[in-house]
Every structure is written in C-alpha cells, then in structure tokens.
Amino acid sequence: MIATDNPIVYRDFILGCRDQSDLVKAYDDEFNAVEVTGAIDWLGDLMITQNLDKKYLPAIFKKMFADMPDEQRGRIHLATQNLDNAIQEGLYLADFPIKVTYDFDLRKSLKFAHTHFDDDILKQPYDIIKTVLKIHQICEMKSCLTICNVAHYITIEQMEDLAAFLQDVMLPLALIEFTDNKANEFYKNCNFYYIDKDYVDWYE
C-alpha cells in the first residue's frame, strides 16, 4: 500500500505506473531494471478505467487453448464448422457470390460468440480484484497488479479477506491511495508506505 496526501506524488505515481513518465522504476529480484509495462499491470480506478475484456481475454484464451483437451477442441471445431456451413447455405439461397471459409482458429469462434466478463462482476469492485488476481494466477502472469482508490469501494473486512487470499496464492498487489497516514488502520494487514506533504516517507 502506497499512501500519500501530496498531490504531486500521487500524480507522479499514477503517471509512472501507466508508463507515461519515467518517475517510477521497476526491478526484478536480482535488482536488474525491467520495463514498467512488463512489471506493472495497471488497472487504475476500478469503477472508471474498466476494459477487462480487451485487457485480459487474450491471456485467458491463450491459456485455455493450451490446456484444452483434444475432445473439447474437436467439439468446438465441429460446432463452428456446422455454423459456417449453415451461413454458407443461406448465402447460396440468397444467390450471393460469397464464400464462408473456416480457418480452424478457435479464437475467432470465441470472439464470434461474444465471450466477455459477466456484467455483474464489473459492478462489484471487490469481485473485479479477485477475478483479475485469479487471472494472474491461472495465466501465470508475472506483473504486479496495481490499483488506485481501492478504499473508496471496499470494506475493511473485504480488505482483510483480500490480504489473506494474497498470502495463499503468493501474488503481488500494489495499491495507491490519496489519503493521510491515519489510513494505515484500513491496511493493517499490508505493507504500508506513506509519503507526506513534505515528501517525507514513512514505513509501517
């Protein structure tokens, strides 16, 4: 948890995490510099900057197809081929000189099926956090999920549950909050870092 009531520090952290400035640096376990875009998965404000489908579905599809049993893969291919054949028949009946070609790309099948995140999840900030963390775990993503303004949307009990979940799955999560040092009670199960208005940093 990185807290500050210094507007400049808050702005610089957000710009840096979004790779819009060079004020935030990232390092691996051997202290080698790494690209911020690869080290930080910036999610931002949970209720404002959502585009989970575009951001995470490619990684989900990649993992799903890598682990999919051949039988399931064959069923999807067959269903897609049947759909393409039905469309082609309709085009022939309408006398359009158009041909439908199935290229066996399962990703296109999922896009055609309008695969997307459940809208109910997108309305619940805590569910968004847990869902994205599970994506990180299942898809073996190495970046650190980074979110701002979490205290606006979740309860102390949810924060405690989140801390326990992170201990179980051993995933990194960075939270950035514009608040004063008294907020440490809300984040009592986290590593709490605070930078005050005079640019003095405090650790708890």
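The values are calculated or read from the model by the stated rules, or taken from the named source; none is laboratory data. The model shown is predicted, which means the values in this text are computed figures rather than measured ones. Backbone-built Cβ (ideal geometry, glycine too); neighbour counts: all protein chains shown. Please note that ligands, DNA and RNA were not included when accessible areas were found on the heavy atoms of the full protein model with its side chains. Shrake-Rupley method; radii C 1.70, N 1.55, O 1.52, S 1.80 Å.
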### Message
Going by what's in this entry, would N32 be described as under 25 Å from the mean Cα position of the chain (by Cα), at pLDDT below 85 and either in the same structural domain as I147 (by the TED database) or of a type in the set (G, A, S) (or both)?
### Response
no
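Among the residues of region 1-36, which ones are polar (S, T, N, Q) and in contact (Cβ under 8 Å) with a residue 60 or more places away in the chain?
Correct list: T4, N6.
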### region 171-200, subset under 9 Å from M1 (Cβ atoms) and in a helix (DSSP H, G or I), residue most open to solvent (accessible area, probe 1.4 Å)
N184
### Task
Go through region 15-55 residue by residue and tally those that are closer than 22 Å to E177 by Cα and among the charged types (D, E, K, R).
6
### Message
Filter region 90-107 down to the residues that are free of Cβ contacts under 8 Å to residues at least 24 places away in the same chain, over 14 Å from L78 (Cα atoms) and either among the aromatic types (F, W, Y) or open to solvent by 80 Å² or more (accessible area, probe 1.4 Å) (or both) and list them by number.
### Response
Y92, L93, D95, F96, P97, I98, K99
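Given the criterion open to solvent by 70 Å² or more (accessible area, probe 1.4 Å), outside any strand (DSSP E or B) and either within 30 Å of K25 (Cα to Cα) or free of Cβ contacts under 8 Å to residues at least 60 places away in the same chain (or both), identify the matching residue among I128, I48.
None of the others qualify; the one that does is I48.
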### Query
Would you say K54 is within 18 Å of L133 (Cα to Cα) and open to solvent by 50 Å² or more (accessible area, probe 1.4 Å)?
yes
